[in-house]
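See structure below.
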Amino acid sequence: MKIFSKEQIYKGDALTIARQKITSADLMERAGTQIFNWMHLRMQGAQVPIHIFCGIGNNGGDGLVLGRHLITHGYHVKTYVVNCSNKRSKDFLVNYDRIKQVTKDWPVLLSCKEDFPKIEPEDIIVDAIFGIGLNRPVDQWVKALFLYFRNSKAFTLSVDIPSGLYMDKAVEDPEGVVHAGYTLSFGSPKLVFFLPETAKYTMQWEVLDIGLDQEFLQDTDTAVALIGKHEAITMYIPRDKFAHKGTFGHTMIVGGSYGKIGAVILAGKAALCSGAGLVTAFVPQCGYDALQSSVPEIMVITDTDQEHITSVVYNITPTVIGIGIGIGTHTKTAAALITFLKGNKTPLVIDADGLNILSDNKKALQWLPQQSVLTPHPKELERLIGSWSDDFEKLNKVKAFSKKYDSIIVLKGAHTITVYKDKLYVNTSGNPGLATAGSGDVLTGIISGLISQGYEPLSASLFGVYLHGKSADIAVEDFGYQSVIASHVIDYLGQAYLSLFEPEEQPSQEDDEASNGNGT
């Protein structure tokens, strides 16, 4: 799924109006009607008090359309206009007149003071105050209204985007944003739904189809893409009947130190379970017995040193090398890694202390092969690119780093974002169960194993991140968030692959009619 920028959304609206020969008020009618359909399907006429707060722009107009349909269908509705300016949009005024034609209970004009209506915890708040065009902090009394929403404990549904949240920059005042329980987004989700600092403003989101021009949706190239099952399955490479282990490459995992051999075991086993034909581990001598006894499918090469890697010298020809897991930052290890990079031409996946060593020796970044994959967690990233003031600055710094070193950066987190040059790919699988020791080692092994099989590094990163998260999603059903461990993610990789080919649940006829209705 594409994630459109603010400018692209405005362009899509304009093209839809022109090509479909409709008015902007018609498009607003579609948007408000789809929100009504969504609510009507779930509420089925329940007489829960619904408070719709409308701004005086197009987002408010959507809210007025919703209010009109709810009123004509017998719901318990009260509409309010957050009335602190005379700059009302044309389509807002159209729908302000229309709602007055279906009820004697006209929208209440809230003036610039705290004359807020009574809201009970069992009520529903619809936030249709500000849309994607907001570019400045909200007024003090509006901020007080948002705080009133939160203190009421009522369920809050936001229209398109939580009011006060910007599309393309960081929040300036955290108190000046609506905290939505659910956001119904038009056309596509917004990038801010997935960033650590802004995702908290909507607990859940859903995209509503308002009939935007199909040619625009298909042909517009976006800087951000959402990676889910439909995108992941297109990356899958089927296996030929006559393939053999050599067909699927040779992954080498370089890592481990005294007390941290488990990281290599996890990465090596993950590479095997992702489909690598052969896996060899390069470890200090202290790791030999552990690897040979715990994963007999993995071949082992040992360093001359007992406890650390001090020179990466081997007599095999790997397809890809995953390096850095459990390796430590011993002086000899750092020197060995830098010497290795100078002469290496094999594709790399670099994680953990491999990244920390690079952060302390940034000159060595020039020796990375093209499209090397780096998989930092937040602190490792900070050591690599420096600190940042907000998520948008962080992403810009990562893009610059990616372009400078022609590298793929996998930003691990609740919504892992893979960055390659100016393009962002936001992952949708995964859950808090992955917040456990070793899960990053498993991801390194999966991505390495996919590159070994012939996946391009970017596809391997995107597909690997998706499979990693999907495996955890399946595992959590058996173990719960607290009890998922990294080994479970490996154990459920097979089911993650199989889930790609499971048929989607089809909506019932009633659901289909409700979701595609015209509000009648």
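The values are calculated or read from the model by the stated rules, or taken from the named source; none is laboratory data. Quantities reported herein were computed from a predicted structural model and do not represent experimental measurements. Neighbour counts are summed over all protein chains in view; Cβ atoms, including those assigned to glycine, are modelled from backbone coordinates with ideal geometry. Ligands, DNA and RNA are excluded from the accessible area calculation, which covers all protein heavy atoms including side chains. Shrake-Rupley method; radii C 1.70, N 1.55, O 1.52, S 1.80 Å.
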>> Please list, ordered by chain and number, the residues whose modelled amide H lies under 5 Å from the amide H of V320; skip anything fewer than 5 residues away on the same chain.
In response: H250, M252
>> Counting just the Cα atoms, what span does the chain cover along each of its three principal axes? Round to the nearest Å and put the largest first.
In response: 86, 48, 44
> What are the ³J(HN,Hα) values, in whole Hz, obtained from phi via the Karplus relation 6.51 cos²θ - 1.76 cosθ + 1.60 with θ = phi - 60°, for each residue of segment 331-344 in sequence order, with x given for Gly and Pro?
Replying inline: 3, 5, 5, 4, 5, 5, 5, 5, 4, 4, 4, 4, x, 8
>> Using the Karplus curve 6.51 cos²θ - 1.76 cosθ + 1.60 with θ = phi - 60°, what ³J(HN,Hα) values do you get for each residue of segment 246-258, in whole Hz, with x for Gly and Pro?
In response: x, 5, 9, x, 10, 8, 10, 9, 10, x, x, 7, 4
> Nearest 20 debye, what's the magnitude of the dipole of the chain about its Cα centre given +1 on Lys and Arg Cβ and -1 on Asp and Glu Cβ?
Replying inline: 1220
>> Given the -39500 (n - 2.57) contribution per DSSP H run of 4+ residues, what per-residue ellipticity at 222 nm results for the chain, rounded to the nearest 500 deg cm²/dmol?
In response: -12500 deg cm²/dmol
> Which ³J(HN,Hα) values, rounded to whole Hz and listed in residue order, are derived for segment 439-452 from phi using the Karplus coefficients 6.51, -1.76 and 1.60 in 6.51 cos²θ - 1.76 cosθ + 1.60 with θ = phi - 60°, glycine and proline given as x?
Replying inline: 5, x, 4, 5, 4, 4, x, 5, 4, 4, x, 6, 4, 4
>> Let me check something: with ligands and nucleic acids excluded, how do E477, E172 order by accessible area (1.4 Å probe), largest to smallest?
In response: E477, E172
> Between the helical axis of 391-405 and the dominant principal axis of the chain, each derived from Cα atoms, what acute angle in degrees is found, rounded to the nearest 10?
Replying inline: 40
> Reachable aspartates and glutamates from K200, Cα under 17 Å, same-chain residues fewer than 8 places away excluded?
Replying inline: D127, D160, D168, E172, D173, E175, D390, D391
>> For a quick size check, give me the Cα extents of segment 132-235 along its three principal axes, largest first, whole Å.
In response: 47, 27, 26
> Accessible area of E456, 1.4 Å probe, to the nearest 10 Å²?
Replying inline: 120
>> Amide H of V300 versus every other amide H placed in the peptide plane: which residues, excluding those fewer than 5 positions away on the same chain, fall under 5 Å?
In response: A281
> Where a ≥ b ≥ c are the square roots of the eigenvalues of the C-alpha gyration tensor, would you call segment 234-368 rounded, which needs a/c under 1.5, or, failing that, prolate if a/b is larger than b/c, or oblate?
Replying inline: oblate
> How many lysine pairs does segment 1-105 hold where the Cα atoms are under 26 Å apart and the two sit 8 or more places apart or on different chains?
Replying inline: 17
>> Residues of segment 455-469 with the amide nitrogen closer than 18 Å to a label point 7 Å from the Cα of T247, along Cα-to-Cβ, please.
In response: 455-456
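Is there a quick way to get the dipole size of segment 1-131? I mean about its Cα centre, with the Cβ of Lys and Arg at +1 and of Asp and Glu at -1; what is the value in debye to the nearest 20? Don't skip to the answer; put the middle values down first.
Working: 17 positive and 14 negative charges, 100 e Å.
That gives a dipole near 480 debye.
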> What translational diffusion coefficient, in µm²/s and rounded to a whole number, does the Stokes-Einstein relation yield for segment 191-234 at 4 °C and a viscosity of 1.567 mPa s, taking the hydrodynamic radius as the Kirkwood radius over Cα pairs?
Replying inline: 100
> Residue farthest toward the positive end of the dipole of the chain, with Cβ of Lys/Arg at +1 and Asp/Glu at -1: which of F4, S407, A199?
Replying inline: S407
> If you bin every alpha carbon distance in segment 1-97 into 10 Å steps from zero, what whole percent lands in each bin?
Replying inline: 15, 41, 32, 11
> What Rg and what Dmax come out for segment 406-449 when only alpha-carbon atoms are used, in angstroms?
Replying inline: 11.2, 32
>> Please compare each pair in K190/K229; K260/K397; K345/K379; K153/K229; K245/K362; K363/K470 to a cut-off of 25 Å on the Cα-Cα distance and tell me which ones are over it.
In response: K260/K397; K345/K379; K153/K229; K245/K362; K363/K470
>> Angle check, please: helix 6-19 long axis (alpha carbons) against the longest principal axis of the chain (alpha carbons), in degrees 0 to 90, nearest 10.
In response: 60
>> Give me the dipole magnitude in Debye, nearest 20, for segment 357-417 about the Cα centre, with unit charges on the beta carbon: positive for Lys and Arg, negative for Asp and Glu.
In response: 160
> Leaving out ligands, DNA and RNA but keeping every protein chain, what accessible area does I50 have, in Å² rounded to the nearest 10, with a 1.4 Å probe?
Replying inline: 0
> Near the amide H of K2, under 5 Å away, which other amide H atoms are found, from residues 5 or more places off or on another chain, if H is placed in the peptide plane?
Replying inline: L226
> Quick one: what does P(r) look like for segment 430-479 with 10 Å bins over all Cα pairs, in whole %?
Replying inline: 28, 50, 21, 2
>> Can you give me the % of accessible surface on the chain that is carbon or sulfur? Probe 1.4 Å, all protein chains present, nothing else counted.
In response: 52
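For a test of the definition: using alpha carbon positions, the gyration tensor, and the 1.5 limit on a/c, classify segment 324-438 as rounded, prolate or oblate.
Working: a/c = 1.72, a/b = 1.36, b/c = 1.27.
Taking the square roots of the gyration eigenvalues as a ≥ b ≥ c, segment 324-438 is prolate.
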> With the other protein chains left in place, how much accessible area per residue, in square angstrom, belongs to segment 269-354 at a 1.4 angstrom probe?
Replying inline: 41
> Which percent, nearest 5, of DSSP beta bridges in the chain are antiparallel?
Replying inline: 15
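Rounded, prolate or oblate: which one fits segment 171-301, using the alpha carbon gyration tensor with axes a ≥ b ≥ c (rounded when a/c is under 1.5, else prolate when a/b beats b/c, else oblate)? List each step's numbers first, then the result.
Working: a/c = 4.13, a/b = 1.83, b/c = 2.26.
Because a/c hits 1.5 or more and a/b fails to exceed b/c, segment 171-301 counts as oblate.
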> Any idea which of Q285, G164, S152 is furthest toward the positive side of the dipole for segment 151-300, if Lys and Arg beta-carbons carry +1 and Asp and Glu beta-carbons -1?
Replying inline: Q285
>> To test your reading of the geometry: what angle, between 0 and 90 degrees and rounded to tens, separates the Cα axis of helix 90-100 from the longest principal axis of the chain?
In response: 60
